[in-house]
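The values are calculated or read from the model by the stated rules, or taken from the named source; none is laboratory data. As the structure is a prediction and not an experimental result, all values here were calculated from the model. Here Cβ is always computed from backbone atoms with ideal geometry, including for glycine, and neighbour counts include all displayed protein chains. These accessible areas exclude ligands, DNA and RNA; they are computed on the full protein's heavy atoms, side chains included. Shrake-Rupley method; radii C 1.70, N 1.55, O 1.52, S 1.80 Å.
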Amino acid sequence: MKVLFVTPEVEPFVKVGGLADMVGALPKELASLGHDVRVVCPLYGSVKRVGSWTPRVEPLGIDVGDAAVWARTWETRLPGTEVPAYFLENDHFFGRGGVYGDAEGAYPDNDLRFIVLARGALTLCLQLDWIPDVVHAHDWTTGFVPVLLNTTLRQSPLGNTASVFTIHNLEYQGYAHRRALSFARVPESEFHSASLESLGAVNPLKAGLYHATKITTVSPTYAEEIRTPAGGFGLDHVLRFRGGDLIGILNGIDADSWNPSQDAALPAKYSAESLGGKLACKSALQLRLGLSPHREIPIFGVVARLVSQKGLDLLAEALPYVMGSMQVQFALLGSGDPGLENAFREAARRFPGRVGVHIGFDGSLARLIQAGADFFVMPSRSEPCGLTQMYAMRYGTPPVVRSTGGLIDTVENYDERTGSGTGFRFNDATPLALANTLGWACSTYYDRPQHYRSLQVEGMRRDFSWRRSAARYADVYTWARQQRSGLASTTP
Ligand code: ADP
Ligand code: GLC
C-alpha cells in the first residue's frame, strides 16, 4: 500500500513530544513490511537537516485563500531507511523557530499554517503523481486532511484516497476562527456541529474525527476513556458516534534507537544480562545535575513537558514531604509552564545535592536520566500512551505511574508477595497518593533488593517494539481502503 504520513513533527528532524517519536518510527516498520510510506512535515526554522537533502517539485503552488501560497519542497530520507521525508518550505508560515508557538504562547496564525501543511501535502502528491491509498494524519494540526479529501479534493485523483486520523492527544483541539474555512477552500456548508463546528468556531480536531475513514488512538485504554464524559474533552459524543471506526493501537518504541546496550549518549552500555554499566550512568547523571555522588541512594528521574496533563504539579507539591521522609534524589528535565519550571528550580535550590533540575529540551540528557535513574516518575492526569515509561523500562528503570490511559496498558503493577510486575501504579491524582507510592518504590529498593532487581529485568525483557502494532496499522489501512471504495462498512 501507498501511505502518506502528514505530520507537524518527526524525529530526528523536529520534535516537541512523543508524536515525533511515533511518526519517526512507525513508517520504518511499515516499510519493512513492504509498504511504500512517505512523510510530509513543514520546514520550521528549527528543523535539523540530518542526512542529505535535495530539492523536489519547485515551486509548489498550494491553493489556499484567494491565491496560491508558494513553497519549496525538500526531500530526504528517514535515517537508516528508504522512507522519503518531504519538508515544505515557506518562510511566511513556517520560517519561525517554533513548531506550535514561542514564549509568548501559540502562534495566532496556527490555523492557517497547518492548513497550508494539509493542503500542501496533498498537492505534493498530485504534483508527484503519487496517489496514496491512505493518508495518515496526526492530531488537530492535520484535521483538515480528511475534510479536504471528502470535499474540495473529492473529484480530484485523490478522490478515492482513504484517511486514517490518529489522536495522540484529545486535549489539544486547535480552535480557530471561521476564516479557516475559506482559507482551506472548504465549503461553508461544513460549518455545522456534525462536521467541524464547535461553539461557533472551527474545531480542526473534531473535523478530523468526523471526516476520517478510520480513527485510531495510541492505546486501547485511552480509546475507551475518550468515549466517556470524564475523558472525552467535550468530544466523547463524537467518539461514541464514530465508535465502530475508532481503534486503540498501542504505540511501540524505536527499539534500535532506545537500546541501553548501544546508546551513544551513555557513558557505559548495559543490558538485562549485565547491568553493571547502569551504575556508571548513575554516577554521570549525578555529576551532570549536581547531585551528591551516593551510589546507594535511589534516584527518581523525570523527563517531560511541564504541563498540567503530566501531573508534575503533584510532584512539586509532594516534594518537601518526600525529601523530609525518604533517602532519595531527584533528576528532572523538562520545560513548559513557567510556574512549574520555577517550582522545580526552587526545589533544586532548597535541596542542593538531592534535587537536580535542568529546565530545557535536551535529547542526550533525557537518555542519561532514563539510564542513570533508579525509578522514573510519571504521575500523569491523562496519558494517551506515553513513551517515556516504556523507554524507562527498557533502560532498567522501573516507572512510578498513575493508572491512566497507556500507562495502564504498559506498566504492570508490582506484586509485593511474588515480586512480579514492571513498575508501581497508583490511582488518585493527589500529592499524597504519589508520595505514598514513591515511598513504596523506595522501600522496595532498600528492603527488597531482589524484587527491585526482578522489576528491572522484567521491564527490560518486555517487547515494546513496533513490530506488532505496525501490523495492526496495516490492517487499519486495509479496512480504511475497503471502506472508502465501498467494499466494507465497519471494522471487523
Ligand atoms: P508527550 O508526547 O505527551 O510529551 P511521551 O511520553 O509520548 O509524552 O513522549 C515524550 C517524548 O519527548 C519522549 O521522547 C521524551 O524523551 C521527550 N521529551 C520530553 N521532554 C523533553 C525534554 N525536556 N528534553 C528532551 N526530551 C524530552
Ligand atoms: C501525545 C501523548 C502521549 C503519546 C504521544 C505519542 O503527545 O501525550 O501520551 O505517547 O502523543 O503518541
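Couplings 3J(HN,Hα) of the stretch 323-332, computed from phi: 5, x, 10, 10, 7, 9, 10, 10, 10, 10 Hz, in residue order, whole Hz [Karplus 6.51 cos²θ - 1.76 cosθ + 1.60, θ = phi - 60°; x for Gly and Pro]. Backbone amide hydrogens, once placed in the peptide plane, bring LEU306 within less than 5 Å of SER335, GLY336, ASP337, excluding anything fewer than 5 places away on its chain. The solvent-accessible area of LEU306, taken with every protein chain present and a 1.4 Å probe, is close to 0 Å².
Charges were assigned to the Cβ only: +1 to each Lys and Arg, -1 to each Asp and Glu. The resulting dipole of the stretch 58-192 about its Cα centre is roughly 200 debye. Over 21 Å apart: what share of the alpha carbon pairs of the stretch 165-298 falls there, rounded to a whole percent? That fraction is 59 percent. Separation of the stretch 222-250 from the stretch 331-400 is 29 Å, based on Cα centroids.
For the stretch 29-35, backbone phi angles converted through the Karplus equation (6.51, -1.76, 1.60; θ = phi - 60°) give residue-by-residue couplings of 5, 5, 4, 6, 7, x, 8 Hz, Gly and Pro being listed as x. Pairing the Cα long axis of helix 467-484 with the longest principal axis of the chain, what angle in degrees results, from 0 to 90 and rounded to the nearest 10? The angle comes out near 20 degrees. List the pairs from LYS15/LYS206; LYS2/LYS310; LYS48/LYS269 whose alpha-carbon separation is above 32 Å, in the order I gave them. Among LYS15/LYS206; LYS2/LYS310; LYS48/LYS269, the Cα-Cα distance tops 32 Å for LYS2/LYS310. For the peptides 447-453, 166-172, 386-392, the ranking by packing is 386-392, 166-172, 447-453, with the highest mean count of neighbouring Cβ atoms within 10 Å listed first. The Stokes-Einstein estimate for the stretch 105-230, based on a Kirkwood radius over Cα pairs and taken at 25 °C with 0.890 mPa s viscosity, is a diffusion coefficient of 167 µm²/s.
All alpha carbon pair distances within the stretch 276-461 were sorted into 5 Å bins beginning at 0; the resulting P(r) in whole percents reads 1, 9, 19, 23, 24, 16, 6, 1, 0.
Average accessible surface for the chain: 37 Å² per residue, computed with a 1.4 Å probe over protein heavy atoms with every protein chain in place. Taking the inverse of the mean reciprocal distance over all distinct Cα pairs, the Kirkwood hydrodynamic radius of the chain comes to 23.3 Å. In the chain, the DSSP beta bridges split such that about 30 percent are antiparallel, to the nearest 5.
Charges were assigned to the Cβ only: +1 to each Lys and Arg, -1 to each Asp and Glu. The resulting dipole of the stretch 276-461 about its Cα centre is roughly 480 debye. Computed on the chain, with alpha-carbon pairs under 8 angstrom and 6+ residues apart, the relative contact order is 12 percent.
Shown here is the pair-distance distribution of the stretch 4-79: with all Cα-Cα distances grouped in 5 Å bins from zero up to the longest one, the shares run 3, 14, 21, 24, 18, 12, 5, 1, 0 percent.
Extension gain, SER283 to GLN262, is 5.7 nm, computed as 0.36 nm per intervening residue step minus the present C-alpha separation.
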